[in-house]
Amino acid sequence: MSYVDEIYNYVVEKNPAQPEFHQAVKEVLESLRVVIEANEEEYRKDALLERLVTPERQILFRVPWVDDKGQVHVNNGFRIQFNSAIGPYKGGLRFHPSVNLGIIKFLGFEQIFKNSLTSLPIGGGKGGSDFDPKGKSDREVMAFCQSFMTELYRHIGADTDVPAGDIGVGGREIGYMYGQYKRIRDTYEGVLTGKGLTYGGSLARTQATGYGLLYLTEELLKCNGSDIKGKTVVVSGAGNVAIYAIEKAQQLGAKVVTCSDSTGWIYDPEGIDVALLKEVKEVKRARLTEYASARPSAEYHEGKGVWSVKCDVALPCATQNELLLDDAKQLVANGVQAVCEGANMPTSIEATQYLQDNKVLFVCGKASNAGGVATSALEMSQNSERLSWTFEEVDAKLKQIMVNIYHNIDDAARKYGMEGNYVAGANIAGFLKVAEAMKAQGIV
Ligand code: NDP
């Protein structure tokens, strides 16, 4: 049996009931097959792949907190410190009821390669909890965040592990966690990114993932003889990534006609009104029905459906496995040219294959959404030098990083005879740097 197949079976056997983690490993290993086969003897001897798929450290903890009525609740807390070969662990915290060990491991595994692709010195990690911030008062969210950090603080630090936000963790949650860390440690250090601008945050971090996604998409289209300007774009999600993807797409001259949340979706043929969307989602934390009632041109539909809308470019920006084979078929039938992932693993393996087989330009999240973590690393740099860069400086660096990522993954795909396969290009380019660093550091 090939080393790749052996390792996939090993992962399934050692990590039962973690389908998202299996899926993430499969996607990466399949596209690394050519590289691994060329170095099989050496990698096998060093058990390189066994080490790569096994987190360096897995931290699981209890998070008790008290609600406004005096009732005590208990949630599960996780931090997976997956790989520190190229830098301190770096990756977000997700607060969502669906969170479990397998989801955090899939996200942490992806993060290793994504962080490598940014060309910045950051290792891979991820964490979170099955706590649901939705419907909770600010005091309840604060109580949860303080309890979460009361355990997490001992495992993180500016040179050890620097968490950030993800689904359900925005500026409010980062603020409460930062306050508790500082209180316990009595140290003012850049231990979290995504901080507020008054206490060490970076300008452009809020926008970074969405803006970065569009900078990469713009370069992808340009290098394939097309132009983002004038394109019709469909976006899923209505959170941090989706909002700033929509904003930048519109600034670049595209028309975005959809967005969605966990209960329904909007079709707005006149183009999404970003200011209204921000008001509904960032300020009121309300449902998209409020967007539809305030905007006569918008239709609201229950459930899923954005991929049924005719478009040139599709940007999945909500969550994992939200674009399945049937959705891919609909997109292709409607003439989609490019799909770039804003979320992590939103496209299933079958859907990815179908899009690639039908010559759709497809870029996976570990390349196209890397702008968020890249700008987090820029926030770390600013914290270390105790300086703040201007919005324009950070945004220009972000754009350069995304353009470089596109060319790195394009070059890697060509070098290994898979021109246009940006999934393979991203996995190969991300992997080679990590593998080289692991080799240099010996058996650790
Ligand atoms: P947010 O919590 O800000 O927004 C998530 C959006 O997706 C919301 O609109 C939410 O709906 C919707 N959503 C979440 N879960 C589901 C679900 N199970 N089914 C349908 N809709 C869902 O998160 P982000 O925008 O930060 O993250 C979105 C994706 O991007 C995630 O995959 C994340 O890992 C990835 N990502 C985020 C980065 C960042 O910098 N924030 C960086 C790189 C990747 P509702 O409004 O109802 O909650």
Requested in this report: Could you do me a favour and compute the accessible area per residue for region 218-269, 1.4 Å probe, result in Å²?
Outcome: 33 Å²
Report task. Kindly write out, for region 14-31 in residue order, the coupling ³J(HN,Hα) from the Karplus curve 6.51 cos²θ - 1.76 cosθ + 1.60 (θ = phi - 60°), rounded to whole Hz, with x marking Gly and Pro. Result -> 7, 10, x, 6, 10, x, 5, 5, 4, 4, 5, 5, 4, 4, 5, 4, 4, 7
Query raised in the report: What spacing in nm lies between the two simple spin-label points modelled at residue 381 and residue 324, each 7 Å away from Cα in the Cβ direction?
Result: 4.3 nm
Report task. Over all alpha-carbon pairs of region 208-368, lay out the pair-distance distribution in 5 Å bins, whole %, shortest bin first. Result -> 2, 10, 21, 25, 22, 13, 5, 2, 0
Query raised in the report: In deg cm²/dmol, rounded to 500, what helix-only [θ] at 222 nm does the chain give when every DSSP H run of at least 4 residues adds -39500 (n - 2.57) and the total is split over its residues?
Result: -15000 deg cm²/dmol
Query raised in the report: How large is Rg over Rh for region 176-222, taking Rg from the Cα atoms and Rh as the Kirkwood inverse mean of 1/r across Cα pairs?
Result: 1.22
Report task. Might you report the magnitude of the Cβ-based charge dipole of the chain about its Cα centre, with Lys and Arg at +1 and Asp and Glu at -1, to the nearest 20 debye? Result -> 820 debye
Query - lysines whose Cα lies under 23 Å from that of residue 26, excluding same-chain neighbours fewer than 8 positions away - result: 14, 45, 90, 105, 114, 126, 329, 359, 366, 415, 433, 439
Query raised in the report: Cα-based Rg of the chain per 2.2 N^0.38 Å, rounded to two decimals?
Result: 0.93
Report task. Could you please report the charge total around residue 90, scoring K, R as +1 and D, E as -1 over all other residues with beta-carbon less than 14 angstrom from its beta-carbon? Result -> -1
Query - Global geometry of region 394-444, whether rounded, prolate or oblate, following the gyration tensor of its Cα atoms and the 1.5 cut on a/c - result: oblate
**Report entry** Derived scalar couplings ³J(HN,Hα) [region 342-354; Karplus, 6.51 cos²θ - 1.76 cosθ + 1.60; whole Hz; x for Gly, Pro]
**Finding:** x, 7, 8, 6, x, 9, 5, 4, 5, 5, 4, 4, 5
Report task. Take the Cα radius of gyration of region 298-412 and divide it by 2.2 N^0.38 Å, with N its residue count; two decimals is plenty. Result -> 1.27
Query - Residues of region 339-374 with amide N under 18 Å of the 7 Å Cα→Cβ point at residue 414 - result: 361-363
Query raised in the report: How far apart, in nm, are two points set 7 Å out from the Cα along the Cα-to-Cβ line at residue 57 and at residue 100?
Result: 2.6 nm
Query raised in the report: With springs only between Cα atoms under 10 Å, which of 54, 352, 375 fluctuates most in a Gaussian network model of the chain?
Result: 54
Report task. Evaluate region 89-212: find the radius of gyration of its Cα atoms, find its Kirkwood radius, and give the ratio Rg to Rh. Result -> 0.94
Report task. Report the convex hull volume per residue for region 6-76, counting only C-alpha atoms, in Å³. Result -> 114 Å³
Report task. Rank these by accessible area, largest first, 1.4 Å probe: 326, 273. Result -> 326, 273
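The values are calculated or read from the model by the stated rules, or taken from the named source; none is laboratory data. Everything numeric here is computed off the predicted structure, so don't read it as measured data. So basically every Cβ, Gly included, is an ideal-geometry build from the backbone, and we count neighbours across all protein chains shown. The protein model used for the area step is the full one, side chains on, heavy atoms only, and it has no ligands, DNA or RNA in it. Shrake-Rupley method; radii C 1.70, N 1.55, O 1.52, S 1.80 Å.
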